Amino acid sequence: MPIVLFYENAPAGAAARIESGLATVLDHYPELAGRIGRDELGRHCIHLNNEGAIFVEAVCASEELAPFLDKRGNDVKDLVGSSTLELGDGMNRVPLIIQVTRFACGGLALSWEGHHRVCDGSAHTQFLLNWAYAARTGSLTPGFVPLIHDRSFLFPRNPPVVEDPLVKFIHKKMSRTTVPGQEVLTLTSNLTSKQISHLKSLCGNKYTTYETLSAHFWRCMTAARNFEDRSTLVGHFCPANGRSILNAPPGFFGNAIYLTFVQTSAADLLDGSLEHAAGLIRQAVKRASNRVFLESVIDYLALEQASEDAQPPQPEAKDQSWIPNVMIPCWSKFPLYEVDFGFGNPFRFSTVNMGIEGAFTIGPPRKEGITEVLINVRKEHAQSLLTHLGNCTQGYF
């Protein structure tokens, strides 16, 4: 998913400084400078060929930055280079694309997109911070830990063994539906720290911010979809970080994210309390937070990958929907507002709509204490969703 950071009063030469920092740090991230493709046996791989990232510099001389701050989804697409999902033919994909856009007012927008086959959000955020430091100083971050590119701790067992039956269940549920021509909007829900505290109090102050907010948005989206059959099973995918469970080495750069899943009926989710929903999410994450589960995930994915490798490259599917489920990753601990290239921290961030309905992004809090949540929703459900979101913060359904 492309991310956009907005900066005020960037000096002349800001783009050159950003590019210079990228050149300094990219030598230490060969995966991001390579290409995603296949090896001589047809297996998916990353070619460490040092072809480099794509860096685009653009100028918006006729417009101010301010009007873009409240735009989301496709309305900010002009600030983003071509998607990593679009460039390449499946045999030579670019893993990192960057665009710097200067505005007449002196503002600047920086967008980047990294491919998830290369790294997850946690790894990419560390790359951003090291890149920004290199742009400010011309050198690597003090105490820079040499990156570990060895992925052997993620290798499947021989032979692969899927010991935990929950793994197969979850991954069968992961298939998204295709809805040709669906119109997906990206809405924003801005929550103050007071509103978040209120929601947590509805859960007896027993649950984390993520558990509380994801339960809140899961219920609101389910209500907005207004399933005619209230026995419809609705699910919630929770991305989790497997680094600590798998004993990933310090400095590991890659993707160690896996998915947990919880499912219940629409009636149970909506008739129950927010605390009930948060409890379901906690149980699901706890159930999957063990080595047996993760090793089963790795082995299952290896078997699936072997099947995919045997097929010719396929175009990325579009018009995708998670309905009747939701996908809610949390970026609240990603230091996006600390990415300083030498002209101050960004003051806003945004994402570009990838057309996947039912996907949420819980962003990091801004300095004024606002947590921004970006939501992809079908146009016909948007008004109902906004209504439920408004009702929830005032006392719930």
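Remarks
- Under the combined filter of DSSP loop state and at most 15 neighbouring Cβ atoms within 10 Å, the range 223-314 retains these GluC sites (Glu not before Pro): 228.
- Label-zone membership for the range 269-287, site residue 206, 7 angstrom Cα→C-beta point, backbone N under 13 Å: 273-283
- Distance in nm between pseudo-label sites at residue 64 and residue 178 (7 Å out along the Cβ direction from Cα): 4.5 nm
- Our summary gives the chain a relative contact order of 24 percent, counting only alpha carbon pairs under 8 angstrom and 6 or more residues apart.
- Centre-to-centre, using Cα atoms only, the range 200-226 and the range 251-289 are separated by 11 Å.
- The apolar share of the surface of the range 71-225, taken as the fraction of accessible area on carbon and sulfur atoms (1.4 Å probe, ligands and nucleic acids excluded), comes to 53 percent.
- Normalised Debye scattering of the range 260-323 at q = 0.13, 0.16, 0.22, 0.25 Å⁻¹ gives log10 I(q)/I(0) of -0.64, -0.83, -0.96, -1.02, counting only Cα atoms as equal scatterers and leaving out solvent.
- Exceedance of the 32 Å cut-off in Cα-Cα distance is limited, within the set 172/379; 200/379; 173/367; 173/200, to 173/367.
- Ranking 375, 20, 114 by how far each Cα lies toward the positive end of the dipole of the chain (charges on Cβ) leaves 375 at the top.
- Square roots of 5 times each gyration tensor eigenvalue, C-alpha, the range 90-246, largest first, Å: 33, 27, 21
- Of the chymotrypsin sites (Phe, Trp or Tyr not before Pro) found in the range 264-328, no site is in coil according to DSSP while having at most 13 other Cβ atoms within 10 Å of its Cβ.
- Per residue accessible area of the chain, 1.4 Å probe, in Å²: 45 Å²
- GNM top mover of 212, 101, 24 - the chain, alpha-carbon springs below 10 Å: 24
- Cross-link partners of residue 286 among lysines, defined as those whose alpha carbon lies under 18 angstrom from its own and excluding same-chain residues fewer than eight positions apart: 168, 206.
- Between 273, 289, 62, the residue with the greatest mean-square fluctuation in the GNM of the chain (Cα pairs under 10 Å linked by springs) is 62.
- Evaluated with a Cβ-only charge set (Lys, Arg +1; Asp, Glu -1), the chain carries a dipole of roughly 960 debye about its Cα centre, given to the nearest 20.
- A helix-only calculation puts the chain at -9500 deg cm²/dmol for mean residue ellipticity at 222 nm, using -39500 (n - 2.57) for each DSSP H run of at least four residues, averaged over all residues.
- Most fluctuating residue given options 327, 221, 174, as computed from a GNM of the chain linking Cα atoms under 10 Å: 174
- At 1.306 mPa s and 10 °C, Stokes D of the chain from Kirkwood alpha-carbon radius, µm² per second: 71 µm²/s
- Each Lys and Arg contributes +1 and each Asp and Glu -1, all at the Cβ; summed about the Cα centre of the range 1-153, the dipole is approximately 200 debye.
- Global form of the range 1-154, assessed from the alpha-carbon gyration tensor, a/c cut-off 1.5: oblate
- Potential lengthening of the chain between residue 141 and residue 306 amounts to 55.5 nm, from the contour at 0.36 nm per residue minus the alpha-carbon distance.
The values are calculated or read from the model by the stated rules, or taken from the named source; none is laboratory data. On a predicted model such as this, the values are computed, not experimentally measured, just so you know. All Cβ positions, glycine included, derive from the backbone under ideal geometry; neighbour counts span all protein chains shown. Heads up: the accessible areas ignore ligands, DNA and RNA and are worked out on the full protein's heavy atoms, side chains in. Shrake-Rupley method; radii C 1.70, N 1.55, O 1.52, S 1.80 Å.
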